[in-house]
Amino acid sequence: MHLRIGVMGGTFDPIHHGHLVAASEVAHRFSLDSIIFTPAGEPWHKAEHTPAGGEERYLMAVAATANDPRFEVSRVDIERPGPTYTVDTIADLQKAFASTQPHDTAEWFFITGADALAGVNGWRDPQHLLESVHLIGVTRPGHVLIDPGLPEGAFSLVEIPALAISSTDIRSRVATGAPISYLVPDAVEHLIAKFELYQPTSGKQAHAGIG
Ligand code: ATP
Ligand code: MG
């Protein structure tokens, strides 16, 4: 079988409907068989530790994607020690694919919002990354989707339904008691409450793990 596999990297702190719409729309437009969400380990481009730990971000991603058969969540990034680089994410996923599905082949796509796409040339080994995936940049409110200066044919720019949602805004909403219903899936809202994430008084904000 020849598969078309999308990968969506991110901190997912927490995962929200902006991520899910981006993945769903790209899956449709590019006829992808599946999308693998890869919650980052230690985000190298973010100065502070993430407020939620890797396991919590992973569980929220699993809960958010549970009822969509196209969506999967991978632990490759939260299990790899050290900072997360997309080129390593893809290498690990491709290695796992080759060993678990030795009779299948795959074409790989990496999905990124307009804000992240603008910095792609600063990622580790972008040349190698572009040999392994086709990059798909999607529109995001508040950011201009422009040609990131990559070789023609290496990337596509796609307009998706606009959702002005960010994890940063959700974290500050939780901290101030503002509603997050309809911005994140119900299951994510429940896990945020259960794990007491993003509370101004929560000691967990300072940690990058749950235990
Ligand atoms: P934070 O505010 O903590 O940076 P975020 O909302 O930007 O969180 P990330 O986990 O940083 O979420 O993003 C993962 C990927 O999803 C990135 O490529 C980002 O550009 C994209 N993305 C996030 N939110 C949206 C959105 N509302 N519309 C389109 N793309 C999005
Ligand atoms: Mg972001």
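The values are calculated or read from the model by the stated rules, or taken from the named source; none is laboratory data. Computed from a predicted model, the values in this text were never measured in an experiment. All Cβ positions, even for glycine, are placed from backbone atoms using ideal geometry, and neighbour counts span all protein chains on display. Ligands, DNA and RNA are stripped out before the accessible areas are found, and what is left, the full protein with its side chains, is counted by its heavy atoms. Shrake-Rupley method; radii C 1.70, N 1.55, O 1.52, S 1.80 Å.
Structure values in brief
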item	result
Alpha-carbon spread of segment 1-116, three principal axes, descending order, Å	42, 28, 26
Percent of beta bridges antiparallel (DSSP, the chain, rounded to nearest 5)	5 percent
Surface accessible to a 1.4 Å probe, Asp147 within the full protein complex, Å²	90 Å²
Heavy-atom accessible area per residue - the chain, 1.4 Å, Å²	50 Å²
Estimated dipole of the chain in Debye, rounded to 20 [Cβ of Lys and Arg +1, of Asp and Glu -1, Cα centre]	320 debye
Dmax and Rg, reported as Rg then Dmax, of segment 124-165 (C-alpha, Å)	11.8, 32
Rounded to whole Å, sorted largest first: equivalent-ellipsoid semi-axes of segment 97-154, Cα gyration tensor	26, 13, 10
Of the GluC sites (Glu not before Pro) in segment 146-197, those whose Cβ has at most 12 other Cβ within 10 Å and which sit in DSSP loop	Glu152, Glu159
Quotient of C-alpha Rg and 2.2 N^0.38 Å, computed over the chain	0.99
Within the accessible area of the chain (1.4 Å probe), percent carbon and sulfur	53 percent
Amide H partners (placed H, <5 Å) of Thr11, local residues excluded	Ala40
The chain, helix-only ellipticity at 222 nm - DSSP H runs n ≥ 4, -39,500 (n - 2.57), divided by all residues, nearest 500	-10000 deg cm²/dmol
Pairwise label distance in nanometres, Gln94 with Asp115, each label 7 Å out on the Cα-Cβ vector	2.9 nm
Contour excess over end-to-end distance, with Cα ends at Glu107 and Arg29 and 0.36 nm allotted per residue	26.6 nm
Calculated FRET value between Gln127 and Leu3, using beta carbons and R₀ = 25 Å, to 0.05	0.55
Enclosed volume per residue, in Å³, of the convex hull spanned by Cα atoms of segment 155-200	105 Å³
